[in-house]
Amino acid sequence: MRPPSAVDGIAVKSMVNAWAAAPEGQKEIIFQAAIGVRQIEIGLASMLGLVSGATVTIYGVAQLSGTRFPKWLGLLGLAARKTY
């Protein structure tokens, strides 16, 4: 699963640029802030995975309980949730 692009591509890059431009005495503080940004990225990616898995599960159950689509399609949706 791909992490949210705004945190991965924009926020982390700006933290790296700030760290590279910082004087030696402030590098540790900026490094700790960058770790905080990475933790936010990990949390957002986790929430994205949970929501995506729940969505696939709900669609799989809905297809299994209905008669419009074949049952194997609902089973495929329930099997696909294991990938999230």
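If a residue must be within 22 Å of the chain's Cα centre (by Cα) and surrounded by 14 or more Cβ atoms within 10 Å (Cβ to Cβ), how many such residues does segment 50-68 contain? Residues flagged as within 22 Å of the chain's Cα centre (by Cα) and surrounded by 14 or more Cβ atoms within 10 Å (Cβ to Cβ) within segment 50-68 amount to 6.
Here Q26 meets the list (1) modelled with pLDDT of 85 or more; (2) loosely packed, with under 12 Cβ neighbours inside 10 Å almost entirely, failing just condition (2). Right, A18: assigned to a helix (DSSP H, G or I), aliphatic (A, V, I, L, M) and at pLDDT 90 or above or not? When the stated conditions are applied, A18 passes them.
Residue pairs whose Cβ atoms lie under 9 Å apart, sitting 6 or more positions apart in sequence or on different chains, and linking a residue in segment 34-53 that is under 18 Å from A11 (Cα atoms) to a partner that is part of a helix (DSSP H, G or I) and hydroxyl-bearing (S, T, Y), are V37/S14.
The values are calculated or read from the model by the stated rules, or taken from the named source; none is laboratory data. The model shown is predicted, which means the values in this text are computed figures rather than measured ones. So basically every Cβ, Gly included, is an ideal-geometry build from the backbone, and we count neighbours across all protein chains shown.
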